[in-house]
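The values are calculated or read from the model by the stated rules, or taken from the named source; none is laboratory data. None of these values were measured; they are calculated from a predicted model. Cβ atoms come from the backbone with ideal geometry, glycine included; neighbour counts cover every protein chain shown.
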There are 2 protein chains.
Amino acid sequence: MNLRFSIHLNDKLALRDPEATELGRKIVRQGLILMHQLGYEHFTFKKLAEAIETKEASIYRYFENKHRLLLYLLTWHWNLMEYAVLLAINNTEDTRLKIKKVVGLLCHSIPEGIEDVGLDKKALRDLATSESNKVYLIKEVDEINKVQLFKPYKDLCHRIAELFSAYAPQYPYPRSLASTVLEASRFQPYFLEHLPSLTDFTQNSAPDGLLHFLETLVFSTLDATIKSEF
Amino acid sequence: MNLRFSIHLNDKLALRDPEATELGRKIVRQGLILMHQLGYEHFTFKKLAEAIETKEASIYRYFENKHRLLLYLLTWHWNLMEYAVLLAINNTEDTRLKIKKVVGLLCHSIPEGIEDVGLDKKALRDLATSESNKVYLIKEVDEINKVQLFKPYKDLCHRIAELFSAYAPQYPYPRSLASTVLEASRFQPYFLEHLPSLTDFTQNSAPDGLLHFLETLVFSTLDATIKSEF
DNA sequence: ACCGTGCGATAGTATTACTATCGAACACAA
DNA sequence: TTGTGTTCGATAGTAATACTATCGCACGGT
């Protein structure tokens, strides 16, 4: 990933580049807000069109359907996260500290000043929390994967897995641990808000509780591997 | 949970008891097969009606909508899992062994002869793998939770969390660990099949690889707590 | 003055997700 | 046997969703 990651979006994401026009930018920015407000299921292009005072058909010129818009928004989120991860670990020597910083990024909101893409970062994170599974838990997953549309998510996962491998080279499941931690960092806050008995946190203790939970999980697992020599 | 758990389904799940009539049983049994085949999004009551040679309106007499049918099916799955968990730990003394057995249950398919409910257990598990998030990752989550419809899932999670607490009383996040392991036991096989680079398994190594991954995760975390006295 | 692009405007279609009503068939009870 | 209730088939209809297609104007650049 390079510094201007914004220009390397997969061209299958959108029918035309939404960042190139005023309407395109409105679709993406307001689409994020509205999809988060209504939830993916209740979100429609018609409602978005009314919100930004345009027509449904105009939105379809940019995105094939709402699933692609969601994927577009999540791609931004994953790219931003990977960028934040790279920034955090580039000026750090100690691998253990790198991992700590990355887990911190997963638990807290994206630090300000990372790169202003004009998207509401909190909304982006919230959207990822509640809707991101819906981009791949569908029958079309293999087709979409074939044209590389999940690459940003995988890249993020691989970056984290690399750190785990660097810290504990003998550990045999770095990628599974990375994807598990990534998923847990979204699920646990969602559970806390809606199904709190599935967690041990309280509204006050989170996100520090979550941070501690994930750090303990990761380091216990990796350290055990180091000690036992597997 | 008692032995005849089948009779204690929440009455808000269905408009009338589908086990009481021939049509109701067909809706549930064929609904499971068809929803798994088509995926939740492409599944409709109209298609199910054609498959079982009845009318759409007749299905609506049993379930408000397809979301409730999914919830009904998953409730069976969770109840079955909890029952299997209870069976597995009741004739075991050692807490560590209990946990091992339960993790085994999460990774492998439900043992035969547990109780024939007439539902295809493999299909039920596959449905849970790919669709179960969709029952709670929606705007209506709080309403549904209010009428206790997620209780079976929570109960299962709590059973597992209790074991963790029994094994490592000082560990502060037994429920979060349980929900994380529960989710991971579904996500990892799904990733293996569709987005394999998010895992470290191969089609051959799974599900033993998954079992080892989760066991290591759980015991490393709990054992670390015991040693460090937190 | 010409040309392409973006977009508004309108229209139309198939499918989805329901809701309502009616009447035949049957089951059981008086 | 007659009444009563329940199930289910059959039909109809509605509002919303998820698109697709076409036309023509306004604009910015060449």
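Tabulated data for the structure shown
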quantity	calculated
Residue satisfying condition, being hydrophobic (A, V, I, L, M, F, W, C), farther than 20 Å from A:VAL135 by Cα and more than 16 Å from DNA strand C (Cβ to nearest atom), within set A:LEU23, A:LEU87	A:LEU87
Failed condition for B:ILE89, given (1) over 25 Å from B:LEU217 (Cβ atoms); (2) crowded, with 19+ Cβ neighbours inside 10 Å	(1)
Those residues of region A:60-103 which are modelled with pLDDT of 95 or more, touching a helix residue (DSSP H, G or I) at 6+ places or on another chain (Cβ under 7 Å) and farther than 18 Å from A:LEU9 by Cβ, in sequence order	A:TYR60, A:THR95, A:ARG96, A:LYS98, A:ILE99, A:LYS100, A:LYS101, A:VAL102, A:VAL103
Single residue of A:LEU34, A:LEU70 found to be within 14 Å of chain B (Cβ to nearest Cβ), buried (at least 18 other Cβ atoms within 10 Å of the Cβ), within 18 Å of A:GLU140 (Cα to Cα) and more than 13 Å from DNA strand C (Cβ to nearest atom)	A:LEU70
Of all residues in region B:36-57 being hydroxyl-bearing (Ser, Thr, Tyr) and without any contact (Cβ under 8 Å) to a residue 60 or more places away in the chain, the one that is farthest from DNA strand D (Cβ to nearest atom)	B:THR44
Criterion (free of Cβ contacts under 8 Å to residues at least 24 places away in the same chain, farther than 30 Å from B:ALA224 by Cβ and within 14 Å of chain A (Cβ to nearest Cβ)) met by exactly one of B:VAL135, B:VAL141	B:VAL141
One residue from A:VAL85, A:VAL117 being of a type outside the set (D, E, K, R), more than 14 Å from every other protein chain (Cβ to nearest Cβ) and more than 21 Å from A:GLY31 (Cα to Cα)	A:VAL85
Hey, A:PRO169 at pLDDT 95 or above and more than 10 Å from every other protein chain (Cβ to nearest Cβ) or not	yes
Qualifying residue in region B:215-226 (condition: in a loop (DSSP other than H, G, I, E, B) and either more than 10 Å from chain A (Cβ to nearest Cβ) or of a type outside the set (Lys, Arg) (or both))	no
Residues of region B:58-67 satisfying the condition of being within 11 Å of DNA strand D (Cβ to nearest atom) and surrounded by fewer than 18 Cβ atoms within 10 Å (Cβ to Cβ)	B:SER58, B:TYR60, B:ARG61
Residue in region B:14-25 that is surrounded by fewer than 19 Cβ atoms within 10 Å (Cβ to Cβ), outside any helix (DSSP H, G or I) and among the hydrophobic types (A, V, I, L, M, F, W, C) present	yes
From A:THR95, A:THR75, residue being in contact (Cβ under 8 Å) with a residue 60 or more places away in the chain, more than 16 Å from DNA strand C (Cβ to nearest atom) and surrounded by fewer than 18 Cβ atoms within 10 Å (Cβ to Cβ)	A:THR95
Residues of region B:178-214 satisfying the condition of being touching a His at 6+ places or on another chain (Cβ under 8 Å) and either buried (at least 24 other Cβ atoms within 10 Å of the Cβ) or more than 9 Å from every other protein chain (Cβ to nearest Cβ) (or both)	B:ALA178, B:PRO207, B:LEU211
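Yes or no, residue by residue, for (1) under 18 Å from the mean Cα position of the chain (by Cα); (2) not in a helix (DSSP H, G or I):
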| residue | (1), (2) |
| --- | --- |
| A:GLN170 | no, yes |
| A:SER176 | yes, no |
| A:ALA206 | no, yes |
| A:HIS212 | no, no |
